[in-house]
Amino acid sequence: MTYLKFDKTLLINLERSLTKEMIRTNRAGAYNSTTLIDCNTRKYHGQLVIPIPELDDSNHVLLSALDETVIQHGAEFNLGLHQYSGNTFSPKGHKYIRQFDCEVIARTIYRVGGVILSKERLLSMHEPRVIIKYTLLEAHSPTTLRFKPFLAFRSVNELTRENNVADTSYQTVPQGIKMRMYQGYPELFMQFSKRNTYYHQPNWYHNIEYFKEQERGYDYQEDLLVPGYFEMPIKKGESILFSAGISPVPPRSLSRLWDDEISRRIHRVDMYSCLKNAAEQFYQRIDNKQYLLAGYPWFTSRARDEFISLPGCTFVIGKTEAFYRAMETATGEIKAFLNGERKGLNLKGIDEPDVLLWFIRTIQQYAQHTSIQEAAERYGALANEIIQFIRKGMHHNLFLHSNGLLYVNGKDKPATWMNAVEDGHPITPRTGYVVEINALWYNALKFCAELSGALGDTHASDLLNYQAETTKAAFVNMFWNGTYLYDFVDGNYSDREVRPNMIFAAGLPHSPLDRQQQKSVVDITTRELLTPKGLRTLSPKSGSYRPIYIGGQLERDRNYHNGPVWTWTIGAYAEAYLKIYKQSGISFIERFMGGLESEMTELCIGTLSELYDGNPPFKGHGGMSFAMNVSEVLRVLNMLKETENENK
């Protein structure tokens with residue numbers, strides 16, 4: 001039985017099938033994404049979407065879609081599907097789909113009368129090239145295939161209209177053509193493994209709509225150029241491969257290239273293998289430097305997201321070399337930041353106040369995976385340099401006060417991961433003494449004391465432990481209200497909102513709380529924040545609770561961290577829960593994981609969306625695939641495995 005398999009009943013039901021998406025990446029920033037029935041519903045969808053650094057920092061849609069037509073006895077059966085104005089769908093090719101599965105790669109089976117056609121697609125590793133393989137499984141009469149490319153040549157953040165600037169000319173290449181609609185773009189090579197006839201008939205298709213953009217309050221209509229079409233006969237049992245890339249490929253090599261790519265693919269047979277595959281999709285190489293994208297389709301590499309996501313997306317899934325490569329890049333950029341450099345750094349937001357503490361937490365997880373000695377030798381010097389950087393007040397928005405706690409200004413600019421803004425100012429202005437920042441600070445002090453001890457510097461270790469004790473006492477005095485932790489404290493104001501940020505104080509290896517306080521935090525988090533998708537960002541008991549992530553940009557931003565669920569916080573929750581409830585907590589966390597498994601066949605299949613509504617049915621929203629969510633769920637699965645092994 002195929003784990004990611006969808007039948008005709010679901011696929012021909014547009015209300016259901018249009019909500020299910022797929023995305024595949026090439027570990028270098030390019031991706032292929034659409035719905036299961038190949039009807040684009042976002043401006044970010046496309047058969048070939050690539051970064052073009054010569055133009056900007058955005059991804060660009062080159063090939064938006066490729067429509068196929070089966071021709072027998074002069075009758076044409078178009079397999080494509082697009083939404084046009086007036087909620088009109090044409091040419092309704094989804095009615096011919098009999099099955100879609102994605103255990104290894106995306107495969108669609110079409111049936112048109114006596115014709116059964118298989119379509120499979122993949123994206124080349126580390127090269128911006130999509131390859132689609134068509135195999136005629138059954139046919140009783142001579143059959144011809146026609147292919148009609150829809151070209152966009154635009155940023156994913158924009159839409160295009162018919163214009164006189166677009167270059168609609170083409171040049172022939174081996175068994176295909178190449179085109180470049182606008183200056184500054186690379187040429188797009190469209191080639192087949194089989195000889196074909198190309199008919200050049202440039203035509204704009206008007207008012208194609210993307211309802212996902214309409215839902216989000218953005219422009220949602222555009223015109224796409226169809227330059228012409230390719231035709232070729234196909235015999236029963238024969239396979240034809242189509243390639244779209246920014247460099248030519250010898251047509252005779254396409255079959256070998258396909259086989260090589262297939263051999264590298266992971267079989268997705270359960271939630272773990274799905275998320276492991278999704279984790280590797282976030283890898284991005286730029287000029288021999290390794291980064292981790294925050295997600296798809298619109299995210300870049302962001303420092304906080306990368307450091308939170310690295311463990312689960314690398315060594316937890318057996319990809320330790322990927323961890324080393326990413327850390328080599330990250331340490332270079334952090335050292336530059338510590339030395340006062342601010343320009344030319346690719347890790348966005350590296351100057352945000354909590355980022356350096358998340359980086360130390362990443363090293364700590366590496367130490368748990370290997371050994372404290374290994375972590376000390378590789379990263380101990382830098383970790384302690386970060387501690388001194390903070391203690392000396394060299395960070396522009398991280399101030400160590402005499403009570404041992406860190407103070408941040410979050411009034412003018414977001415200081416934490418709850419970073420939505422309105423008119424340039426934080427919607428959730430967490431400022432002053434912030435709970436997770438100070439929990440991370442205490443944890444960092446204790447961990448760096450361990451690193452110093454491992455390096456033989458007992459004096460530094462003793463100083464850090466002494467500093468940690470001061471911080472611990474001040475933390476409890478500042479944040480503990482008798483039942484749970486204030487979210488932030490600024491002057492005489494103590495924020496009593498129940499938010500998930502306090503769970504880090506209970507879940508981190510070095511907690512400033514005693515066991516009873518940790519249990520109290522876990523219990524109120526369970527009662528008021530836990531959902532089947534993770535932790536809400538705000539308790540439903542709050543008057544500011546806005547659980548549904550809908551509406552225009554401003555409304556969604558106001559809701560962003562005031563009720564919706566962010567799944568990644570489940571990592572700290574599981575750590576805290578298992579710490580308190582030990583063996584008896586395993587079955588509870590396992591049941592929670594079972595609830596998350598249903599997401600593997602919802603929305604973007606085989607991965608986890610950016611966030612979920614805080615109320616039932618906990619619908620997913622935002623980015624199709626989000627690194628922190630994928631990483632932390634993988635980490636929880638690993639925790640369960642390790643906890644079970646410890647108790648055998």
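The values are calculated or read from the model by the stated rules, or taken from the named source; none is laboratory data. This structure is a prediction, so every number in the text was calculated from the model and none was measured. Backbone-built Cβ (ideal geometry, glycine too); neighbour counts: all protein chains shown. Just so you know, the surface numbers come from the protein's heavy atoms only, side chains and all, with ligands and any DNA or RNA stripped out. Shrake-Rupley method; radii C 1.70, N 1.55, O 1.52, S 1.80 Å.
Residue count for segment 197-216 satisfying the condition of being modelled with pLDDT under 95 and either touching a helix residue (DSSP H, G or I) at 6+ places or on another chain (Cβ under 6 Å) or in a strand (DSSP E or B) (or both): 0.
Looking across Ser598, Ser625, one residue alone is in contact with a Leu (Cβ under 8 Å, 6 or more places away or on another chain) and small (Gly, Ala, Ser). It is Ser625. Can Glu385 be described as at pLDDT below 95 and in contact with a Leu (Cβ under 9 Å, 6 or more places away or on another chain)? The answer is no for Glu385. Of all residues in segment 159-181, those satisfying the criterion of being within 17 Å of Leu48 (Cβ to Cβ) and open to solvent by 40 Å² or more (accessible area, probe 1.4 Å) are Tyr170, Lys178, Arg180. Open to solvent by less than 30 Å² (accessible area, probe 1.4 Å) and without any contact (Cβ under 8 Å) to a residue 24 or more places away in the chain - does that describe any residue in segment 484-498? Scanning segment 484-498 turns up no residue that is open to solvent by less than 30 Å² (accessible area, probe 1.4 Å) and without any contact (Cβ under 8 Å) to a residue 24 or more places away in the chain. Exactly one residue out of Arg98, Arg129, Arg111 is within 29 Å of the chain's Cα centre (by Cα) and among the basic types (Lys, Arg): that is Arg129. Within segment 243-302, the set of residues being in contact with a Leu (Cβ under 8 Å, 6 or more places away or on another chain), crowded, with 17+ Cβ neighbours inside 10 Å and not hydrophobic (A, V, I, L, M, F, W, C) comprises Ser243, Gly245, Glu261, Arg268, Tyr272, Lys276, Tyr283, Gln284, Tyr291, Thr300, Ser301, Arg302.
Looking only at segment 624-645, count how many residues are surrounded by fewer than 24 Cβ atoms within 10 Å (Cβ to Cβ) and touching a strand residue (DSSP E or B) at 6+ places or on another chain (Cβ under 6 Å). So the answer is 0. Six or more apart or on different chains, Cβ under 7 Å: which pairs go from a residue in segment 539-568 that's of a type in the set (Gly, Ala, Ser) to one that's open to solvent by 60 Å² or more (accessible area, probe 1.4 Å)? Could you list them? Correct list of pairs: Gly563/Arg546. Among the residues of segment 82-95, those that are in contact with a strand residue (DSSP E or B) (Cβ under 6 Å, 6 or more places away or on another chain) and either buried (at least 18 other Cβ atoms within 10 Å of the Cβ) or part of a helix (DSSP H, G or I) (or both) comprise His82, Gln83, Gly93. The number of residues in segment 327-346 that are crowded, with 23+ Cβ neighbours inside 10 Å and either farther than 23 Å from Gly295 by Cβ or free of Cβ contacts under 8 Å to residues at least 40 places away in the same chain (or both) comes to 1.
In segment 99-124, the residues that are in contact (Cβ under 8 Å) with a residue 40 or more places away in the chain and among the hydroxyl-bearing types (Ser, Thr, Tyr) form Cβ pairs under 7 Å with partners that are buried (at least 21 other Cβ atoms within 10 Å of the Cβ) and in a strand (DSSP E or B), at six or more places apart or across chains, as follows: Thr108/Ile97; Thr108/Phe100; Tyr110/Ile97; Tyr110/Leu117; Ser124/Ile131.
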